[in-house]
Amino acid sequence: MMQKLDEEKRILAKGYAVFSKDSKFEAFDFTRHPVGDRDILIEILYAGICHSDIHSARSEWSKGIYPMVPGHEIVGRVIAIGKNVKKFKVGDYAGVGCMVNSCGECEACKESKEQFCQNGKTIFTYNCRDCFHDNEPTYGGYSNNIVVSEKFAINVPNDAPLEVVAPLLCAGITTYSPLKFSKVKAGDKVAVAGFGGLGSMAVKYAIKMGAEVSVFARNEGKKEIAKRMGVERFYTTTDGVHERFDMIISTIPTSYDVNAYVNLLKFGGEMAIVGLPPSENSPQIDSMNLVLHGGRKVYGSLIGGIKETQEMLDFSLKHKIYPEVEIIGARAEEIDLVYEKLTSGKASFRYVIDMQTL
Ligand code: NDP
Ligand code: ZN
């Protein structure tokens, strides 16, 4: 599908949206801003389903912007480029994660930590007002195309396995980044709490970095697959655990006691929180507990910058570190069913929508 490029022309798009926090998915036709001089137009081939899509669609963090087309694990083919684009040519593959633009001028943007734009201009891929385009809402990857600033598109080689590359754009970078930040190295003991889309990627990266990895899940359902991945110990509770960790990464999306994990850190250990339960259940750090267990660090981590996302993708492709995926068709009922599985303990790991079936 080649779309004729007219600088003034809005791009016709179609996909699936929720129309309120309680609604199911429905087909939705919309338009995207024209392809600017430094923008590219991508025909979306695969879109991963992240648990953040569910939190957002259901207004679990803050009130969503509806209609909402979620999806920030996007991979596809470049079908048009603006006249000043340098990173891509038509026919290349490109990935888009959680952001599509930022100010580009502040300290954070200059360091390629665009997710922390100091001018508050990080434009998230969906459910966000785009201040660079008249504050129109952004629409995500459960759709046939996307227009994005080339700076925010990731180069994907022509021979990459696209269906497993898609989830790397969020699940991959969100776990790779804190493991790097905490400088995980061979022999370190790493615990991964929550063994879903993100958790399974954290396990794979940590093992590749030489760590000895333990998993905390809420039942034994995925114990065998964890063992096959190389996980040493599989826990279903923090109670009575004697092991102590250099690093813990929590990907848990539900209410839980974060202090129980802090207590499992070694002296000098670090805990990265990436899971974001609904605001009303947001885990609370007990400062008395933190002080009494001093010498441990707890920090939050938000995806990763664009430079690091490209590094993560290159690293994953080089070492063939890919998510466990199930491909679904681009049908509203199938997306609804995945949301149901991901919120009722019936899910496997990552679900990826084959957008070519739209
Ligand atoms: P998934 O639903 O794929 O995985 C979550 C896993 O956590 C599931 O395996 C689930 O088990 C398990 N789990 C749930 N509750 C508990 C518990 N109390 N103890 C142990 N394990 C538990 O979600 P994702 O991996 O896609 O996302 C995880 C979280 O990370 C979400 O909150 C998401 O919004 C957030 N996120 C944050 C990002 C960031 O930049 N910081 C980026 C992307 C996502 P079960 O199978 O039994 O349900
Ligand atoms: Zn995500």
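The values are calculated or read from the model by the stated rules, or taken from the named source; none is laboratory data. Worth saying up front: this structure is predicted, and the values here are computed from it rather than measured. Using ideal geometry, Cβ is built from the backbone for each residue, glycine included, and neighbour counts are taken over all protein chains shown. Ligands, DNA and RNA are excluded from the accessible area calculation, which covers all protein heavy atoms including side chains. Shrake-Rupley method; radii C 1.70, N 1.55, O 1.52, S 1.80 Å.
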Alpha-carbon Rg/Rh ratio, for the range 172-300, with Rh computed the Kirkwood way: 0.93
For the range 92-167, what is the Kirkwood estimate of the hydrodynamic radius, computed as the reciprocal of the mean inverse distance between distinct Cα atoms, to one decimal in Å? 13.3 Å
accessible surface per residue for the range 241-358, probe 1.4 Å, DNA/RNA/ligands not counted, whole Å² -> 47 Å²
Estimated inter-spin distance, E136 and E232, nm [label 7 Å along Cα→Cβ]: 5.3 nm
T31 neighbourhood, Cβ < 12 Å, K/R = +1, D/E = -1, net charge +2
Tell me which residues come under 5 Å, amide H to amide H, from I353 once H is placed; ignore anything under 5 positions away on its chain. A47, G48, I49, I328
Treating the angle as unsigned and between 0 and 90°, give the value, to the nearest 10°, between the Cα long axis of helix 171-181 and the longest Cα principal axis of the chain. 50 degrees
Loop-located trypsin sites (Lys or Arg not before Pro) in the range 277-324, at most 15 other Cβ atoms within 10 Å (DSSP): K320
Report the Cα centroid-to-centroid distance between the range 76-94 and the range 97-155 in angstrom, as an integer. 17 Å
If packing is taken as the mean number of other Cβ atoms within 10 Å per residue, what is the order of 81-91, 158-168, highest first? 158-168, 81-91
The range 300-358, Cα convex hull volume normalised per residue, Å³: 138 Å³
I'd like the trypsin sites (Lys or Arg not before Pro) in the range 38-78 restricted to DSSP loop residues with at most 16 other Cβ atoms within 10 Å, sorted by number. R38, K63
Note to self, the chain gives a 222 nm [θ] from helices alone (DSSP H runs n ≥ 4, -39500 (n - 2.57) apiece, / all residues, nearest 500) of -6000 deg cm²/dmol
Give me the distance in nm between label points sitting 7 Å out from Cα along the Cα-to-Cβ direction at M288 and S62, one decimal. 3.3 nm
Let me make sure I get this right: for the range 13-163, a, b and c are the square roots of the gyration tensor eigenvalues over alpha carbons, sorted descending. Under 1.5 in a/c it's rounded, otherwise prolate if a/b > b/c, else oblate. Which is it? oblate
Within the set of other residues whose C-beta is less than 15 Å from the C-beta of K110, count the net charge using Lys and Arg as +1 and Asp and Glu as -1. -1
Give the lysines whose C-alpha is closer than 27 Å to that of K83, dropping any in the same chain fewer than 8 places away, or say none. K4, K9, K14, K110, K113, K121, K151, K307
Using 10 Å bins from zero, what percent of all Cα-Cα pairs in the chain falls into each bin? 5, 25, 34, 24, 9, 2, 0
The local net charge around E326, scoring Lys/Arg +1 and Asp/Glu -1 for residues other than E326 whose Cβ lies under 11 Å from its Cβ, equals -2
Rounded to the nearest 0.05, what FRET efficiency do A260 and E340 give with R0 = 35 Å and r taken as the Cβ-Cβ distance? Could you check? 0.75
